[in-house]
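Enquirer: My structure is below; once you've seen it, I'll send some questions.
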Amino acid sequence: MAAEGSSGPGSWTPGSVAAAAGSKHNVTSFQRRGPRASGTESGGCRLVSIAGTRPSVRNGQLLVSTGLPALDQLLGGGLAVGTILLIEEDKYNTYSPLLFKYFLAEGIVAGHTSLVASAKEDPADILQGLPAPLLDDNCKKELGEDVHNHETSEFNSKMKIAWRYQLLPKMEAGPVSSSKFGHYYDASKKIPRELIEASKWHGFFLPEKISSTLNEEPCSLTPGYIKLLQFIQKIIYEEGFDGSNPQKKQKNILRIAIQSLGSPLWGDDVCCTENCDNSHSLTKFLYILRGLLRTSLSACLITVPTHLIQNKAIIARITNLSDTVIHLESFIGSNRETNPLYKDYHGLIHIRQIPRLNNLMCDVSDVKDLAFKLKRKLFIIERLHLPPDLSDTVSRSSKPDLADSTKLLGPGCGTMAGGKKHLDF
């Protein structure tokens, strides 16, 4: 008190401030009050600390990994808790099941509770076919061959791609041993049975939930959607995933994965005719599901065969009711499959929509040209790099034109050339 009384308002100098700070054993006035809280409410308003999650650097939203670190990077760090990730299936449903399995495998490794819903496959069989995780110790050793080949191909193509691609930041394609959020998986191996037995999961197999003698009541939702909503609501409320009620045990995340929603196997005719009777059944299901997710510690991934839906208005409604929308375009059965320009890729990935979280604007992805390729062990997402027009990978359609122009030009050029075509530089 004497020191404060002897000093006027203008007598404080940097030296006196340093001396005062040293007299208090280098303790500043900004101190944490109370014990450090981890997932408790004693330290004020903080994000809950749950294994396999991290807060977003943009808006503080709690995030979970999709199972693909490259996809997490494109979505702004991961999938936000309480949101829906909609994956538009590719035409032959070849690559969309991989993203479906990566999402579930990440939940098992992180210790989250899984809820698998399908009308085609038994959820137990789906879990048995999940890819094997690669932990930090064996990550680089197991994937060393694929990562080395990927880096070598990038190094060899540096002189062939346009200069503007070299200025862009690189996508994360290989394993990072220090990463604690998200894991890498070996697509050539199956997940150990011990991990599945140690995890907690719930299965919803539609043929077992609905009997053939079920009396359909007049309702805007199909019986399969009603049963699934009741099942999800029961798991959320009974096991304490509801955000409004405190959980007795340690907090955890519920991962919901729904396979081929909207297909005829679910009893929905939205993929059969353009003017179907239950055109609003799928949209109402997503609307109710979105309300359940908003008030719970859960994240949902849904695959929808949008290429079978003939009514484009329904596709627009489904997109608006989802938070994140990703479309997979496979090269199987298309002209790009035999085009040498796309020989290094298996398809394109389009980010249709990124969620609006704590704001009124929708974030737009900075990367537009994305492609994916499936190697022996890795599912890689990277920026699409096309070679220049006059490289050794020129398209087949232009090769006959170049051959004809060469014959017309002959050995000379200019006035000695007998052809009518101009020179191709």
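The values are calculated or read from the model by the stated rules, or taken from the named source; none is laboratory data. What you see is a predicted model, and the numbers here were worked out from it, not measured in a lab. Positions of Cβ are backbone-derived with ideal geometry, glycine not excepted, and every protein chain shown enters the neighbour counts. Ligands, DNA and RNA are stripped out before the accessible areas are found, and what is left, the full protein with its side chains, is counted by its heavy atoms. Shrake-Rupley method; radii C 1.70, N 1.55, O 1.52, S 1.80 Å.
Enquirer: Can you list residue pairs whose Cβ atoms sit under 8 Å apart, with the first residue in the range 50-78 being over 21 Å from residue 366 (Cβ atoms) and in a loop (DSSP other than H, G, I, E, B) and the second being open to solvent by less than 20 Å² (accessible area, probe 1.4 Å) and among the hydroxyl-bearing types (Ser, Thr, Tyr)? Count only pairs 6 or more apart in sequence or on different chains.
Expert: 52/65; 67/102; 67/185
Enquirer: Sticking with this structure for a sec: Using beta carbons and a limit of 9 Å, which pairs, at least six apart or on different chains, have the first residue in the range 297-323 and of a type in the set (Asp, Glu) and the second one assigned to a loop (DSSP other than H, G, I, E, B)?
Expert: 323/82; 323/83; 323/354; 323/355; 323/356; 323/357
Enquirer: Which numbered condition trips up residue 336, out of (1) in a helix (DSSP H, G or I); (2) within 20 Å of the chain's Cα centre (by Cα)?
Expert: For residue 336, the failing item is (2).
Enquirer: Can you find even one residue in the range 118-140 that is at pLDDT below 90, in a helix (DSSP H, G or I), touching a Pro at 6+ places or on another chain (Cβ under 9 Å) and surrounded by 20 or more Cβ atoms within 10 Å (Cβ to Cβ)?
Expert: yes
Enquirer: Let me ask another. Are there any pairs with C-beta distances below 9 angstrom linking a residue in the range 339-355 that is more than 15 Å from residue 380 (Cβ to Cβ) to a residue that is crowded, with 18+ Cβ neighbours inside 10 Å and of a type in the set (Phe, Trp, Tyr), with the two at least 6 apart or on different chains, and if so which?
Expert: Note: pairs meeting the criteria are 339/331.
Enquirer: Here's another thing I want to ask about it. Within the range 262-280, count every residue that is open to solvent by less than 10 Å² (accessible area, probe 1.4 Å) and touching an Asp or Glu at 6+ places or on another chain (Cβ under 6 Å).
Expert: Residues flagged as open to solvent by less than 10 Å² (accessible area, probe 1.4 Å) and touching an Asp or Glu at 6+ places or on another chain (Cβ under 6 Å) within the range 262-280 amount to 1.
Enquirer: Let me ask you something else. Could you say which residue among 302, 288 is modelled with pLDDT of 90 or more and in contact with a strand residue (DSSP E or B) (Cβ under 9 Å, 6 or more places away or on another chain)? Steps first, answer last, please.
Expert: Details: 288 fails: in contact with a strand residue (DSSP E or B) (Cβ under 9 Å, 6 or more places away or on another chain).
After applying the criteria, what remains is 302.
Enquirer: So in the range 259-287, with the set limited to residues that are assigned to a helix (DSSP H, G or I) and in contact (Cβ under 8 Å) with a residue 60 or more places away in the chain, which one is farthest from residue 234 (Cα to Cα)?
Expert: Checked the range 259-287; the qualifying residue farthest from residue 234 (Cα to Cα) is 265.
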